[in-house]
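Down below is the structure, laid out as structure tokens.
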Amino acid sequence: MVLKLANSLKIVFYKGVFYKPETIIKIRDNISIFSNKKKHEFNNYFKPTKILSPFKLNIKYQKYKKIFDIFSKKIRQGETYQIKICTKYRNKSSINPINFFWRLMKSNASPESFMIRDKNYSIVSCSPETLLLKKGNKIITKPIAGTLRKSKKSNRSSALKFFRNNIKETKEHNMIVDMERSDLSRVCVPGTVKIDKEKYVEEYRHLFHYVTTISGSLLKGITIKNIIKSMMPGGSVIGCPKVRTLELLNQQEKENRNIFTGSFGYIKFNKDMRFNIIIRSILNYKNTSEISAASGVVLDSAAKKEFNENFIKAKSLLELFK
Amino acid sequence: MIYIIDHQDSFTWNVVHQFSQFDKVYCSNYFEINNSLLNKSNTIVLSPGPGSPKDYPNTSKIYNKFKGRKKIIGICLGYQQILHCENAKIIQQRRIFHGYQSEVKVVSNKSIFRKNSKFKVGRYHSLKLQEPFIKENFDITMRCAKTNIAMAFENKRDDLYGFQFHPESFLTTNGKILIKKILQSKRS
């Protein structure tokens, strides 16, 4: 299924980028280096970070509320059951991605973090979300739905209690679990798709997340392309059901999401692979830094709260510019 | 063989896997029907999906064509689709149930399920059946234990079944048994 984008959503960044690694550095108990390069030349040219303008939000609250109300109506009509509105913080800047990445790892390390530095762009990410992890014929996904801002008093168990007792968070999460089960089922042997770990809490610097792990055994003859088509884009950052919800988003989000809610990962020669969902990321391209965040409209959500949730999600990245 | 008509829902493949436990299943989009396989199938399942029954005239045509000739099972939108074809009104409800686990109760003694038995089920619906709905051979067999909203119908003469809830959801505890009984039930 390929959706056509409205003209207003013109592609700003590359649709996709592929790299073949020249050098692999494996950091385990000891460090080992595998390289195709005979003579290693270290490129020590680092651009210093320059911040040329303060961050601006692309959608102000009034506009956000308008989109929110349109989507709430669509939910009442049964057109969508949950939909995620993306907002962006943007400034004029060039960044030193290596410096940013190490600072980010100190403040907010996360399981799907990554950094890319190329000649004309860089990405720095502390993504917490695994879209898919494939080893042999086993495949896992770990959708996140549910965010709680940390306070001085909160801890993992109080967060779990909050999520369990909160109807809005629970039903949003349930929906994503059923949707990801369905995405996996498309490429897995019937009867093998299982919830391995249901509704647990992961802790980050500014927030707690509500997570579920789902796995399955891949059908024989399933290709990498089949898997990617079935799983991408990750449901937790779009809404549900995917196709209709994407159509609705295309009508309202006037800017391309660029890398946001896409995926970063690797495919090995033995066809094992791992992909995350690109959230909590800085894209620095053409002297502009862009930080996107999305939060969900379901029927019981309040526009103000969801709008603010986007700020909490972007916070640890915005802090790097201070 | 079971033919599942997918209304581009993000839950359809859960339905496919659930029915695959009992028979061979073929699934296609509602706008890409394989007519020869549809003709060969014994059972047609109308999947959940976004929007309302009016958006899927092609599915209505298929229903009208095969009603009484094959077993037809509707889930969520599929359930509404069948009722819509039987001239029922499908309306918006004030409280909306997306991702809810509710208890439903068997309310009819004509049901293939024991009267007064209860099931925990997952719900994803904005719309509901407007009542009263009176139609020969159609029985509302399950209702929400709390709100009394119609949750299932059976028409044993024409071999038609529908659930407003999702038997394939992980929120539904006895989904497999529900589907098994319906697939085994014979026209009467």
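The values are calculated or read from the model by the stated rules, or taken from the named source; none is laboratory data. Keep in mind that this is a model prediction, so the values were computed, not measured. Cβ atoms come from the backbone with ideal geometry, glycine included; neighbour counts cover every protein chain shown. With ligands, DNA and RNA removed, areas are computed over all heavy atoms of the protein, side chains included. Shrake-Rupley method; radii C 1.70, N 1.55, O 1.52, S 1.80 Å.
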Of those in the stretch B:94-109 that are more than 8 Å from chain A (Cβ to nearest Cβ) and touching a residue at least 60 places away in the same chain (Cβ under 8 Å), the residue surrounded by the most Cβ atoms within 10 Å (Cβ to Cβ) is B:Val104
Counting only residues in the stretch B:118-135 that are in contact with a strand residue (DSSP E or B) (Cβ under 9 Å, 6 or more places away or on another chain) and not in a strand (DSSP E or B), the one nearest to the other protein chains (Cβ to nearest Cβ) is identified as B:Gln130
Being away from chain B (no Cβ under 14 Å), under 28 Å from A:Leu219 (Cβ atoms), modelled with pLDDT of 90 or more and open to solvent by 40 Å² or more (accessible area, probe 1.4 Å) narrows A:Lys135, A:Lys194 down to just A:Lys135
Please verify whether the stretch A:301-308 includes one or more residues that are more than 20 Å from A:Thr87 (Cβ to Cβ), in contact (Cβ under 8 Å) with a residue 60 or more places away in the chain, open to solvent by less than 10 Å² (accessible area, probe 1.4 Å) and not aliphatic (A, V, I, L, M). no
Taking the stretch A:48-106 and keeping residues open to solvent by 40 Å² or more (accessible area, probe 1.4 Å) and either within 14 Å of another protein chain (Cβ to nearest Cβ) or within 30 Å of B:Ile91 (Cα to Cα) (or both) leaves A:Lys63, A:Lys65, A:Lys66, A:Asp69, A:Ile70, A:Lys73, A:Lys74, A:Arg76, A:Gln77
Note on the stretch B:45-78: residues assigned to a helix (DSSP H, G or I) and within 14 Å of chain A (Cβ to nearest Cβ) are B:Pro53, B:Lys54, B:Asp55, B:Leu77, B:Gly78
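This table checks each residue for (1) under 26 Å from A:Leu57 (Cβ atoms); (2) in contact (Cβ under 8 Å) with a residue 24 or more places away in the chain; (3) in contact with a Leu (Cβ under 9 Å, 6 or more places away or on another chain); (4) of a type in the set (A, V, I, L, M, F, W, C).
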| site | (1), (2), (3), (4) |
| --- | --- |
| A:Met175 | no, yes, no, yes |
| A:Arg181 | no, yes, no, no |
| A:Lys197 | no, no, no, no |
| A:Gly216 | no, yes, yes, no |
| A:Thr223 | no, no, no, no |
| A:Pro241 | no, yes, no, no |
| A:Asn258 | yes, yes, yes, no |
| A:Ser263 | yes, yes, yes, no |
| A:Phe269 | no, no, no, yes |
Within the stretch A:279-319, the residues that are within 29 Å of B:Arg94 (Cβ to Cβ) and not in a helix (DSSP H, G or I) are A:Ala294, A:Ser295, A:Gly296, A:Val297, A:Val298, A:Leu299, A:Asp300, A:Ser301, A:Ala302
Is there a residue in the stretch A:7-24 that is open to solvent by 100 Å² or more (accessible area, probe 1.4 Å) and over 27 Å from A:Ser263 (Cβ atoms)?
-> no
Scanning the stretch A:150-191 for residues that are among the basic types (Lys, Arg) and open to solvent by less than 80 Å² (accessible area, probe 1.4 Å), the one nearest to the other protein chains (Cβ to nearest Cβ) turns out to be A:Lys171
Those residues of the stretch B:158-175 which are modelled with pLDDT of 95 or more and either surrounded by fewer than 21 Cβ atoms within 10 Å (Cβ to Cβ) or in a loop (DSSP other than H, G, I, E, B) (or both) amount to B:Asp158, B:Asp159, B:Gln164, B:Phe165, B:Pro167, B:Glu168, B:Ser169, B:Phe170, B:Leu171, B:Thr172
Please verify whether A:Leu246 is more than 14 Å from chain B (Cβ to nearest Cβ) and either of a type outside the set (S, T, N, Q) or surrounded by fewer than 23 Cβ atoms within 10 Å (Cβ to Cβ) (or both), treating the condition exactly as stated.
no
